[in-house]
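Below: the structure, in structure tokens.
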Amino acid sequence: MSAPVEFAPMNVDAFRARRARLLDTMAARGGGVAVHLTAPECTRNRDAEYPYRFDSHFWYLTGFGEPGAALVLIATDARREARLFCRPKDEAREIWDGPRWGPEAACEAFGFDAAHPIAALDELMPGLLADAPALYCTLPGDAAFGARVQRWLDAVRARSRAGIRAPTAMVDLPALVDEMRLIKDDSEIATMRRAAAISTAAHARLMRACRPGLHEYELEAELLYEFRRQGAQAPAYPAIVAAGANACVLHYPAGNARLEAGQLCLVDAGCELDGYASDITRTFPVDGRYSGEQRAVYDLVAAAQDAAFAQARPGASFNAPHDAATRVLAQGIIDLGLLEGTLDGVIESGAYRQFYMHRTSHWLGLDVHDVGDYRAPAAAADGGERAWRPLAPGMTLTVEPGLYLRPAANVPERFHHIGVRIEDDVLITDAGAEVLTQALPRRADDIEALMREGRDGRDGRD
């Protein structure tokens, strides 16, 4: 097993409140028993594991970060109960892998009603499921988990002559938790603000350090150093550090390419802090100054982001920022001479997708592409496509327009290989929106000024 990861002191009340909300939801649906397992450890090769990362739903409900654990929730008319199943204390293994909580200590520290060794899960579940109207779990689940569930149900059904009934319904538990996670509570927002601040500092460090002649992986190292230096446990996703033509590859990983004067470098990276992701993209000139064509494209993307920000407010649809950004980009593409026709025609035909092929936003939280439906739950009155979900206070999302100009017959050579994306993290508030990553420069002039600090020896590195 990899070394245990340290997390900030727990806000036990926040996790307990989430479990209570879920139990109330289960009771309102007729009650039942829920079971959710955390993520397993994963072998990297031979006897080495990947760094352990818990299941996001499990963490959201428990704050418990060890592998080999399960959560069981029991909701009846007279009973609301949360039980943790986890690894027992084991002195021999703890010498190798580090300390474990064990059931007794975990029960008290994490605010559970009861806790058991994980090995007791299969033994106790049939009794807990007896006469429960529904089983809440992941559907369909992996084959091994499905087989376990079937054994639990078979054991309950074997007692039918004693008047014991097995659950008659199965409910998709993650669908309920997805909706809960969509609106962030105060504890989550505080963590996400801190994650955004760490990632902001890392991007600023990288831009100050940038020089022609460096490799993409050297810039990535600046990011990773600052993430860990400020207490983040890991990157939220593999960093994109893309120089020159690589910036037009949407998910290009940091590689071996050498940065050259006259190129742009696109960096899409964010840290993960106590389970929560940040997600920032900046595009900057390797030698510290945008060319005329680069600035024209960059300023166009910045204007599209401004238009999207203006639509990120309570009551606006999730798609409103995307529609606003798309109209600005499409008109700009026409103005640059890359497409012909009217604005409405270019949008209706989808011709703009040659240069802008992704959406402007996604949810952000425990996962960098976080859970939650993007459309309203109810179908349209005419049976057509569901409406886009309205934004509400507590939702967190990215705003990330971009343009990617690959060589093509309608793209003059002076625009070749210009790839620009600008991405920030946004919290919807009662008053409108808070840009969590606002401290990182995003205007072309401000980015050039930041990079000059690095060239002048004021790079903020230690």
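Can you report the number of residues in region 175-194 which are in a helix (DSSP H, G or I) and either of a type in the set (Phe, Trp, Tyr) or within 16 Å of the chain's Cα centre (by Cα) (or both)? Even if it seems obvious, please write down each step before you answer.
If we filter region 175-194 for residues that are in a helix (DSSP H, G or I), which is where we start, we get 175-182, 186-194.
Next cut, either of a type in the set (Phe, Trp, Tyr) or within 16 Å of the chain's Cα centre (by Cα) (or both) only: 177-182, 188-194.
So the answer is 13.
Residue-by-condition table, conditions (1) surrounded by 23 or more Cβ atoms within 10 Å (Cβ to Cβ); (2) β-branched (Val, Ile, Thr); (3) farther than 30 Å from Met180 by Cα; (4) out of contact with any strand residue (DSSP E or B) (no Cβ under 6 Å at 6 or more places or on another chain):
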| position | (1), (2), (3), (4) |
| --- | --- |
| Gly292 | no, no, yes, yes |
| Asp306 | no, no, no, yes |
| Gln311 | no, no, no, yes |
| His322 | no, no, no, yes |
| Thr342 | no, yes, yes, yes |
| His362 | no, no, no, no |
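Would you point out the residue of region 104-130, among those that are of a type in the set (A, V, I, L, M) and within 21 Å of Arg18 (Cα to Cα), that is surrounded by the most Cβ atoms within 10 Å (Cβ to Cβ)? Can you show your working first?
Within region 104-130, the first condition is being of a type in the set (A, V, I, L, M), and the residues that meet it are 105-106, 109, 114-115, 118-121, 124-125, 128-130.
Retained after the next criterion (residues that are within 21 Å of Arg18 (Cα to Cα)): 105-106, 109, 114-115.
On the way: Ala105: 14, Ala106: 21, Ala109: 14, Ala114: 14, Ala115: 23.
So, considering only residues that are of a type in the set (A, V, I, L, M) and within 21 Å of Arg18 (Cα to Cα), the one surrounded by the most Cβ atoms within 10 Å (Cβ to Cβ) is Ala115.
Looking at this structure, is Leu366 among the aliphatic types (A, V, I, L, M), part of a loop (DSSP other than H, G, I, E, B), closer than 30 Å to Arg193 by Cβ and assigned by TED's automatic domain parsing to the domain that holds Ile422? Lay out the reasoning, then the answer.
Working: among the aliphatic types (A, V, I, L, M): yes; part of a loop (DSSP other than H, G, I, E, B): yes; closer than 30 Å to Arg193 by Cβ: yes; assigned by TED's automatic domain parsing to the domain that holds Ile422: yes.
Considered against the rule, which asks whether it is among the aliphatic types (A, V, I, L, M), part of a loop (DSSP other than H, G, I, E, B), closer than 30 Å to Arg193 by Cβ and assigned by TED's automatic domain parsing to the domain that holds Ile422, Leu366 comes out as yes.
Does region 114-130 hold any residues that are assigned to a helix (DSSP H, G or I) and farther than 26 Å from Ser160 by Cβ, and which are they?
Our first condition is that a residue be assigned to a helix (DSSP H, G or I); within region 114-130, this holds for 118-129.
Those that are assigned to a helix (DSSP H, G or I) and farther than 26 Å from Ser160 by Cβ: Ile118, Ala119.
Quick check: is even one residue across region 160-174 surrounded by fewer than 19 Cβ atoms within 10 Å (Cβ to Cβ), over 32 Å from the mean Cα position of the chain (by Cα) and of a type in the set (Asp, Glu)?
No; the residues of region 160-174 include none that is surrounded by fewer than 19 Cβ atoms within 10 Å (Cβ to Cβ), over 32 Å from the mean Cα position of the chain (by Cα) and of a type in the set (Asp, Glu).
Can you pull out every residue in region 44-97 that is among the small types (Gly, Ala, Ser), within 29 Å of the chain's Cα centre (by Cα) and loosely packed, with under 14 Cβ neighbours inside 10 Å? Show your work before the answer.
From region 44-97, those among the small types (Gly, Ala, Ser) are 48, 56, 63, 65, 68-70, 75, 78, 82, 92; that's our starting set.
Pick out the ones that are also within 29 Å of the chain's Cα centre (by Cα) and you get 48, 56, 63, 65, 68-70, 82.
Correct list: Ala48 only.
Please find, among Asp382, Asp373, the residue that is modelled with pLDDT of 95 or more, assigned to a loop (DSSP other than H, G, I, E, B) and surrounded by fewer than 19 Cβ atoms within 10 Å (Cβ to Cβ). Steps first, please.
Details: Asp382 fails: modelled with pLDDT of 95 or more.
The match here is Asp373.
Residue-by-condition table, conditions (1) surrounded by fewer than 24 Cβ atoms within 10 Å (Cβ to Cβ); (2) closer than 23 Å to Arg282 by Cα:
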| position | (1), (2) |
| --- | --- |
| Val399 | no, yes |
| Leu403 | no, yes |
| Pro407 | yes, yes |
| Pro412 | yes, no |
| Phe415 | yes, yes |
| Ala433 | yes, yes |
| Gln438 | yes, yes |
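With in a loop (DSSP other than H, G, I, E, B), touching a Pro at 6+ places or on another chain (Cβ under 9 Å), not β-branched (Val, Ile, Thr) and not assigned by TED's automatic domain parsing to the domain that holds Gly65 as the only criterion, which of Gly315, Gly394, Gly341 stands out? Talk me through it step by step, then tell me what you get.
Details: Gly394 fails: touching a Pro at 6+ places or on another chain (Cβ under 9 Å); Gly341 fails: touching a Pro at 6+ places or on another chain (Cβ under 9 Å).
Criteria check complete, one pass: Gly315.
Out of (1) closer than 30 Å to Ala269 by Cα; (2) at pLDDT below 95; (3) not charged (D, E, K, R), the odd one out for Cys210 is which?
All conditions are met except number (2).
Out of region 420-453, which residues are in contact (Cβ under 8 Å) with a residue 40 or more places away in the chain, closer than 16 Å to Asp279 by Cα and not in a strand (DSSP E or B)?
Ile422, Leu436, Thr437, Ala439, Leu440, Pro441, Arg442
Which ones in region 397-419 are closer than 22 Å to Ala316 by Cβ and assigned to a strand (DSSP E or B)? Even if it seems obvious, please write down each step before you answer.
Just the residues of region 397-419 that are closer than 22 Å to Ala316 by Cβ, to begin with: 397-402.
Within region 397-419, Leu397, Thr398, Val399, Gly402 meet the criteria.
Taking Arg53 as the residue in question, decide whether it is farther than 30 Å from Ala234 by Cα, among the basic types (Lys, Arg) and touching a strand residue (DSSP E or B) at 6+ places or on another chain (Cβ under 8 Å). Explain how you work it out, then say what you get.
Numbers: farther than 30 Å from Ala234 by Cα: no; among the basic types (Lys, Arg): yes; touching a strand residue (DSSP E or B) at 6+ places or on another chain (Cβ under 8 Å): yes.
So Arg53 does not fit the description; no.
How about region 206-286: which strands (runs of 3 or more DSSP E) wholly inside it have at least 1 residues that are under 13 Å from Ala195 (Cα atoms)? Break it down into steps so the answer makes sense when it comes.
Details: elements: 240-243, 264-269, 271-273, 280-285.
The strands (runs of 3 or more DSSP E) meeting that bar are 264-269, 271-273, 280-285.
Tell me, which helices (runs of 4 or more DSSP H) wholly within region 1-113 include 2 or more residues that are assigned by TED's automatic domain parsing to the domain that holds Thr138 and either of a type in the set (A, V, I, L, M) or modelled with pLDDT under 95 (or both)? I'd like the intermediate steps shown before the answer.
Details: elements: 12-28, 56-62, 91-97, 102-110.
The qualifying helices (runs of 4 or more DSSP H) are 12-28, 91-97, 102-110.
Can you tell me which of Asp131, Asp142 is acidic (Asp, Glu), assigned by TED's automatic domain parsing to the domain that holds Thr38 and within 20 Å of Thr76 (Cα to Cα)? It would help to see each step written out before you state the result.
Values: Asp142 fails: within 20 Å of Thr76 (Cα to Cα).
The conditions single out Asp131.
The values are calculated or read from the model by the stated rules, or taken from the named source; none is laboratory data. For clarity, every value in this text was computed on a predicted model and none was experimentally measured. Quick reminder, even Gly has a Cβ in these numbers, built from the backbone with ideal geometry, and neighbours come from all protein chains shown.
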